[in-house]
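Derivation of every value follows stated rules applied to the coordinates shown; laboratory data play no part. Please read these numbers as outputs of a predicted model, since none were measured by experiment. As a convention, Cβ positions derive from the backbone with ideal geometry for all residues, glycine included, and neighbour counts pool all protein chains shown.
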Amino acid sequence: MENLSLILDEARKKLEEINSASELGNFYQNYLGKNGKITELLKMMKDIPNEEKKSFGMQVNNIKQEIQLLISNKEKELAKKQIDEKIEKTQLVDLTIPQRTKKGSLHPITIIQNKIIDIFLSMGFTVEDGNEIETEYNNFEAVNVPKNHPARDMQDTFYLDSGQVLKTHTSAAQNRIMKKYGAPLKAIFPGRCFRNEELDASHENTFFQIEGMMIDKDVSVANLIYFMKEMLTNVFGKQINVRLRPGFFPFVEPGFELDISCPYCDGKGCRVCKHSGWIELCPCGMIHPNVLRMGGIDPEKYQGFAFGLGFSRLAMMTYDITEIRLLNSGNIKALSQVRIK
Ligand code: PHE
């Protein structure tokens, strides 16, 4: 019996010194293996006098269980040690460090462009690409602005050595699109435009427009009004009324300035609409017969409307941006203050 408790003490001491799984394996063999100390004790049972058998057996079993428990604890300890060592060696990402990079977002111009594109796509328009560098013909002549026409003055731009220009309006793609599809057609074409401007809070040398064209038999101003109202009602998420005032552009006849009922005060009058209830939004009109003809479309058979919506301005209105130059600035600090509704 004394021996038994010695065995346990010894086992405890030995276990304390064990530092690896292989040492633990040996320890197991030494005690619980086939010829292990405990196994030997159990084998001795047959030589123990009958009256002592029971208590001896119980003691050995207790020790056996105790040693099993010690081994399994040691196993856990070694496994934990192994993980700790691994963590120490590897440079793990510390998930508790506060995030330093901010979540990005689309540019306000991109958001509004995508929104308008989605709306027109749903109304059966195709979306076309325009060039940023255009021929002088496409930018001016093809939209009824011949050389020396005074309208060129308002749309001064970079003239490249090649004779091409940085396009001053998305109307520059009208001719190419008419030639591509012929009539009937329904297309929109967003793009970046460039002009020599006196820069201020609402005029920028680089800005964004979206052009729309619909050409078919019996197209009238009523269709123009319908599509514009539909688009604006979707953009602002509420019923928007429009009105047309006469406006001159050489490529439309008649030409209009389209105003919208102020979406902020619903036409009652506020700071944004300068208390008039209306906001000037975009020029538009019925495509001039000369423009159709130059696009290869017979103006006797087909009519169409066109509009050129400055969506830099629309983005400013939608997101409460008071300074147009902010949109091209790449100033993330300022842009991130834009309230995306
Ligand atoms: N292209 C004109 C501009 O940028 C706008 C416009 C487009 C006017 C289509 C009428 C029809 O000023």
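Listed values, structure above:
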item: Only Lys, Arg (+1) and Asp, Glu (-1) charged, at Cβ; the range 246-335 dipole about Cα centre in debye; result: 320 debye
item: Among the listed pairs LYS43/LYS74; LYS217/LYS238; LYS115/LYS238; LYS229/LYS301; LYS115/LYS167, those beyond 21 Å (Cα-Cα); result: LYS43/LYS74; LYS217/LYS238; LYS229/LYS301; LYS115/LYS167
item: Selection from LEU92, TYR28, GLY104, by position along the positive dipole direction of the range 6-142 (Cβ); result: TYR28
item: Furthest towards positive pole of dipole, PRO299, CYS273, PRO283, structure part the range 268-310, Cβ charges; result: CYS273
item: Listed residue (SER72, ILE7, LEU41) projecting farthest to the positive dipole end of the range 1-82, Cβ model; result: SER72
item: Hz values of 3J(HN,Hα) by residue in the range 289-299 - Karplus curve (6.51, -1.76, 1.60), Gly and Pro given as x; result: x, 4, 5, 4, 4, 5, x, x, 10, 7, x
item: Across the chain: Cys residues that no other cysteine approaches within a C-beta distance under 4.7 Å; result: CYS193, CYS282, CYS284
item: Assigned charges on the beta-carbon of Lys, Arg, Asp, Glu; the range 72-115 dipole about Cα centre (debye); result: 260 debye
item: Whole-Hz ³J(HN,Hα) from phi, Karplus 6.51 cos²θ - 1.76 cosθ + 1.60, for the range 234-248, glycine and proline x; result: 5, 4, 8, x, 7, 4, 10, 9, 10, 9, 10, 10, x, x, 9
item: Order of CYS273, CYS193 - criterion: other Cβ atoms within 10 Å of each residue's Cβ, fewest first; result: CYS273, CYS193
item: Likely footprinting exposure, ARG243, ARG195, fewest C-beta neighbours within 10 Å first; result: ARG243, ARG195
item: Packing-based ranking, highest mean first, of 70-83, 166-179 given that Cβ atoms within 10 Å are counted; result: 166-179, 70-83
item: Cβ charges +1 (Lys, Arg) and -1 (Asp, Glu), total dipole of the chain, debye; result: 740 debye
item: Amide H contacts of TRP278 (H built 1.01 Å from N, under 5 Å, at least 5 apart or other chain); result: CYS262
item: Ordering of 134-142, 26-34 by burial proxy (mean other Cβ atoms within 10 Å per residue, highest first); result: 134-142, 26-34
